[in-house]
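Values quoted throughout were computed directly from the atomic coordinates according to the rules given, and no laboratory measurement underlies them. From a predicted model like this one, the values you see are computed outputs, not experimental measurements. Cβ placement follows ideal geometry from the backbone for every residue including glycine, while neighbour counts extend to all protein chains displayed.
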Amino acid sequence: MQFRITLKPVARQTLVPFNYAYRLSAFIYAVLAEADQQYATFLHGQGYEYSSTRRFKLFTFSDLIIPNARVDTRAGGLWVTTPHIEWVVSFFIDSAAQHFIMGLFQDQRCVIATPRHRAEFIIERVEAVPVEIPTNTIQLRTLSPVVIAEKDERGMDQYLHPADVQFGPLLIDNLLAKWNSIPRPVLAGDSSTDDFVTSAITYRLLPSREPKSRLVTIKEDSRAETKVRGWFGFTFELSGPKEILELAVLAGIGRYNAEGFGAVGIQNSPD
C-alpha cells in the first residue's frame with residue numbers, strides 16, 4: 001500500500017538538511033515500533049531473506065516534496081517556503097493493514113535532526129493511494145534516486161546510469177530477488193509456482209528528461225557512513241507479471257529502498 005503524507009512545519013522558518021533520508025528511515029522504524037516492536041525489530045534487524053548476503057525490508061519512501069524549496073548550500077539544506085510539504089511512503093503489505101498503517105502515522109511529529117539542523121513537522125494528513133496495475137506494461141517515474149551498481153574488478157561498486165546496458169538486467173535481478181524473499185505457501189500437489197524467470201520482465205528507459213544524479217550520504221556522522229550515487233528525474237517502462245510490477249511500486253527498485261532510494265510512482269498519477 002502506498003501512502004501520501006502531508007506534513008506541516010512547526011517553525012516559521014524550517015531548514016531541511018540535504019541528507020535527510022536516513023532520519024526519515026529511522027522515523028518510520030520508530031513509528032512501527034510503537035505499535036509492533038516485534039515487526040519493527042524484524043524489519044530493522046533481519047528483513048526478508050533471499051540469501052545470506054541479500055535481505056530486503058520491502059518498503060521505501062520518496063524524497064520530500066517541497067514546492068519552491070530554497071537551496072542554501074552554506075547552511076547545508078533546503079528552506080521550506082510553503083505551509084505544507086508532502087511525502088510518499090510505500091509498504092509491500094496486505095491491503096487489510098491499510099487502516100492500521102494510516103493510524104500509526106496520523107498526528108505524529110516527525111523530527112529530522114542532525115548536529116547542525118533540526119526540522120520538525122506535524123503529520124496533518126495520511127491518505128492511502130491505491131496502486132492499480134491495469135496491464136502487464138506500465139510507465140513509472142522516479143520519486144527518489146534509484147541506485148543500481150555492479151562490481152568492478154577491484155570489488156568496488158560502479159553506479160550505473162539508467163541508459164547503461166546493465167542497468168535493466170540488474171534492476172530486474174533485484175526485483176526477482178525481492179520476490180523470491182517473500183514466504184509463500186505452496187499447496188500440496190500443486191505443480192505451479194509463483195517463481196518468474198528473468199526473461200518475463202523487461203525494462204526500457206523512456207525518452208523524456210535526461211536523468212540526473214545525486215551523491216547521497218547514508219548514516220551521516222556515524223561509523224557506518226557511506227556515500228552512494230543514485231539517478232532520478234526519469235521515466236521508464238517496466239513489463240512483466242502484474243505481481244512483479246506491484247512489488248516494484250510498493251517495495252521500490254534497486255538498492256537501499258528502506259533508506260529512501262528507488263521509490264517510484266505510476267506515470268500520470270498525481271505528483
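Okay, here's what the table says:
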item	result
Alpha carbon Rg of segment 132-265, scaled by the compact-globule rule 2.2 N^0.38 Å	1.13
Mean separation of Cα contacts under 8 Å (6+ apart) over length of the chain, as relative contact order %	28 percent
Listed pairs K57/K151; K219/K242; K151/K212 exceeding 29 Å between Cα atoms	K219/K242
Helix-derived mean residue ellipticity, 222 nm - over the chain, DSSP H n ≥ 4, -39500 (n - 2.57), to 500	-6500 deg cm²/dmol
Cβ charges +1 (Lys, Arg) and -1 (Asp, Glu), total dipole of the chain, debye	940 debye
Volume in Å³ per residue [convex hull over Cα atoms, computed for the chain]	156 Å³
The chain: angle of helix 167-181 to the longest principal axis, Cα-based, in degrees nearest 10	80 degrees
